[in-house]
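The values are calculated or read from the model by the stated rules, or taken from the named source; none is laboratory data. In this text, all values refer to a predicted model and were calculated from it rather than measured experimentally. Positions of Cβ are backbone-derived with ideal geometry, glycine not excepted, and every protein chain shown enters the neighbour counts. For the accessible areas, the whole protein counts, side chains as well, though only heavy atoms, and no ligand, DNA or RNA atoms are used. Shrake-Rupley method; radii C 1.70, N 1.55, O 1.52, S 1.80 Å.
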2 protein chains.
Amino acid sequence: MEKIRRNERMSAMMKILTAEPNKIFTLSYFCDLFGAAKSTMSEDIDLLREVVNQFGLGELVTVTGAAGGVRYRTKVKRPAARQFVGDLCQKLSGPGRVLPGGFLYSSDVLADPEVVSRMGEIIATEYYAAQPDFVLTMETKGIPVAYATAHALGVPLVIARRASKAYEGSEININYVTGSGSIGTMSLSRRAVKEGSRCLIVDDFLKGGGTAKGMVDLMREFGVDVVGSAFVMSTAKPLRKRITGEKSLMVLEMDTETETALVKPAFWLHGDA
Amino acid sequence: MEKIRRNERMSAMMKILTAEPNKIFTLSYFCDLFGAAKSTMSEDIDLLREVVNQFGLGELVTVTGAAGGVRYRTKVKRPAARQFVGDLCQKLSGPGRVLPGGFLYSSDVLADPEVVSRMGEIIATEYYAAQPDFVLTMETKGIPVAYATAHALGVPLVIARRASKAYEGSEININYVTGSGSIGTMSLSRRAVKEGSRCLIVDDFLKGGGTAKGMVDLMREFGVDVVGSAFVMSTAKPLRKRITGEKSLMVLEMDTETETALVKPAFWLHGDA
């Protein structure tokens, strides 16, 4: 094999590591790929770590031990997250977004990969430490951001369904109170998650928290720990939700009389972390 | 600013370009970011193009003209795509996946980011040339792969809903024949897509093609061109679908008597391209 230069190794490694966040790649993997010695690879990784830091592209972590290696995490720093969410709030507070009935049109934002992947990175940044084994969402609109979060965390996505689907096999169903006050049924295949695993709930919208509470209850039926819950947007009212400890990116204040929406970055984004 | 070395510039550029496939970054953008001359950046990009080629990581394309610059595309070569899909077929043909009723359990595969992002890259590779303006899918199970495809193509995702949702505003509804032969209603907000734009349909499963045909009809109502359709899996029977020209990654032959499933890579993956 022709000798591969450092800039080539580093660039290729960057692509490979960042394409699968939170996955541990062994040093041997890269040694084999580039035909390079471990000491050389260690130097490359040290340099790469600095690049990632310098340009605010995330974080490279070296993991020691038998299953050791190097992994990339999409660590979005607080000021960058605040800036991004602030811009998004401005977009969502703009004219023409309030729909008849006092709803906010957000489907475009929730399915724009550039926006969604960044939201996933911001949410993942908050929950790496909690080490979820999977991300749970309830169909439909939260699926892209839940997927992006799962991708950034390097874990599977699990989608709860609104009604039982015969083609999912044996399922557990649970009733919950929907945003409009009616009773909904939430359904998940028994084989979708393992007992004793750890779950992060991600969804697009939190109002009263009925659906979120349903997901928490559903996970209890599966014997799964809920380690956190994150939402793209929550409403300012009611202040008290049916769940606690959640993190939302944005807070919505809807004035139904004047049909204007004010969307603000959530308070926690103003902290330093 | 401290002088940034070539290996640092190239690594950072790789991350930035590959994080947003198909987006054109101007040379000036990188010149400003790194405090480097255009000639230097051109050299960096030439080297980066070789790296991407050599390690099968996709494709870097230089775009000339007023809106020119450089963009990354996730070009998956045919043999690599075949290998990946072949492994997936083996997994899906394994024991214990056929559910009562002769359905195949695939929800885990359809929501595993490592699998889904690769499927999105493979589908995007086939449709860059068709220049879709957005990806359309029908809720629910196809959303992750449709999102991954949209991300790879650098275009928005649009999700058609099963029933009209009051909070999406003014909508267009269309009736379609579901897989079980009943009539379903498909719904999309009027503001979700622009007349005259180009659509790529992506979904998880193609059997008779009723849902896919519904999406095609829906797009006609919006005055949108359907430039292609791609599916994770299609059934061998019926051979004749309600739509034509589609590409599936896998073909499913289900023996309902013995309750065994045989999943094969689609024929087109065996070609050279």
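All other residues whose Cβ lies under 11 angstrom from that of residue A:142 are scored, Lys and Arg at +1 and Asp and Glu at -1, for a net of -2. Solvent exposure of residue A:153, expressed as accessible area, is near 10 Å², computed with a probe of 1.4 Å over the protein chains only.
Run the accessible area of region B:6-73 with a 1.4 Å probe and give the carbon-and-sulfur part as a rounded percent.
Reported share for carbon and sulfur atoms: 49 percent.
Karplus-derived 3J(HN,Hα) values for region B:250-256, using 6.51 cos²θ - 1.76 cosθ + 1.60 with θ = phi - 60°, are 9, 10, 9, 10, 9, 9, 5 Hz; glycine and proline are entered as x. For region B:6-73, the gyration tensor built on C-alpha atoms gives an oblate shape. Its axis ratio a/c (a ≥ b ≥ c) is at least 1.5, and a/b is not larger than b/c. Using R0 = 41 Å, the C-beta based FRET efficiency linking residue A:91 and residue B:91 works out to 0.50. Taking Cα atoms only, the orientation of helix A:143-153 departs from the longest principal axis of chain A by about 30 degrees. When residue B:96 is represented by a point 7 angstrom out along its Cα-to-C-beta vector, the spacings to that point in the other copies are 5.3 nm, nearest first. Between helix A:38-54 and chain A there is an angle of about 40 degrees, using the helix long axis and the longest principal axis of the Cα atoms. Near the amide H of residue B:224, within less than 5 Å, lie the amide hydrogens of B:196, all on another chain or at least 5 residues away, with H placed in the peptide plane. Summary for residue A:171: label point 7 Å along Cα→Cβ; distances to the equivalent points in the other copies, ascending, 2.0 nm.
The lysines whose alpha-carbon is closer than 17 Å to the alpha-carbon of residue A:3, local same-chain residues fewer than 8 away aside, are A:38.
Contact residues in region A:128-154 (at least 30 Å² less accessible area with all protein chains than alone, 1.4 Å probe): A:140, A:141, A:143, A:144, A:147, A:151. For region B:86-216, carbon and sulfur atoms together expose 50% of the accessible surface, with a 1.4 angstrom probe and every protein chain in place.
Seen against the Cα atoms of chain B and their longest principal axis, helix B:113-127 is set at about 80 degrees.
Please label the shape of region B:152-273 as rounded, prolate or oblate, based on the square roots a ≥ b ≥ c of the eigenvalues of the alpha-carbon gyration tensor (a/c under 1.5 means rounded; beyond that, a/b larger than b/c means prolate, else oblate). Judged from the Cα gyration tensor, region B:152-273 comes out oblate (a/c at least 1.5, b/c at or above a/b).
As a length-normalised measure over Cα pairs under 8 Å and 6 or more apart, the relative contact order of region B:78-270 settles at 22 percent. Separation of region A:166-186 and region A:60-111, taken as the distance between their Cα centroids, equals 28 angstrom.
Tell me: how much accessible area in total is hidden between A and B, 1.4 Å probe, Å², nearest 100?
Separately minus together, A and B give about 4800 Å² buried.
Measuring only protein heavy atoms, the 1.4 Å probe finds residue B:29 accessible over about 100 Å². 3J(HN,Hα) along region B:180-194: 8, x, 7, 9, x, 10, 10, 9, 8, 4, 4, 8, 6, 9, 9 Hz, from the Karplus curve 6.51 cos²θ - 1.76 cosθ + 1.60 with θ = phi - 60°, whole Hz, x for Gly and Pro.
Could you tell me whether the protein assembly as shown comes out rounded, prolate or oblate from its Cα gyration tensor? Rule is a ≥ b ≥ c as square roots of the eigenvalues, rounded for a/c under 1.5, then prolate if a/b exceeds b/c, otherwise oblate. Rounded. Rounded to two decimals, the Cα-based Rg/Rh of chain A, with Kirkwood Rh, is 1.03. Within the straight-line cut-off of under 29 Å between alpha carbons, the lysines reachable from residue A:264 are A:75, A:77, A:91, A:141, A:207, A:213, A:237, A:241, A:247, B:23, B:165, B:194, sequence neighbours fewer than 8 places apart in one chain being disregarded.
Given a 1.4 Å probe and the protein chains as shown, residue B:183 ends up with an accessible area of around 120 Å². For chain A, the solvent-accessible area with a 1.4 angstrom probe is 44 square angstrom per residue. Take every DSSP beta bridge whose two residues both sit in the protein assembly as shown; close to 50 percent of them are antiparallel.
Per residue of peptide A:49-58, the mean number of Cβ atoms on other chains within 10 Å of the residue Cβ is 4. Here the dipole of region B:129-273 is about 300 debye; that uses its Cα centre as origin and unit charges on the Cβ of Lys and Arg (positive) and Asp and Glu (negative).
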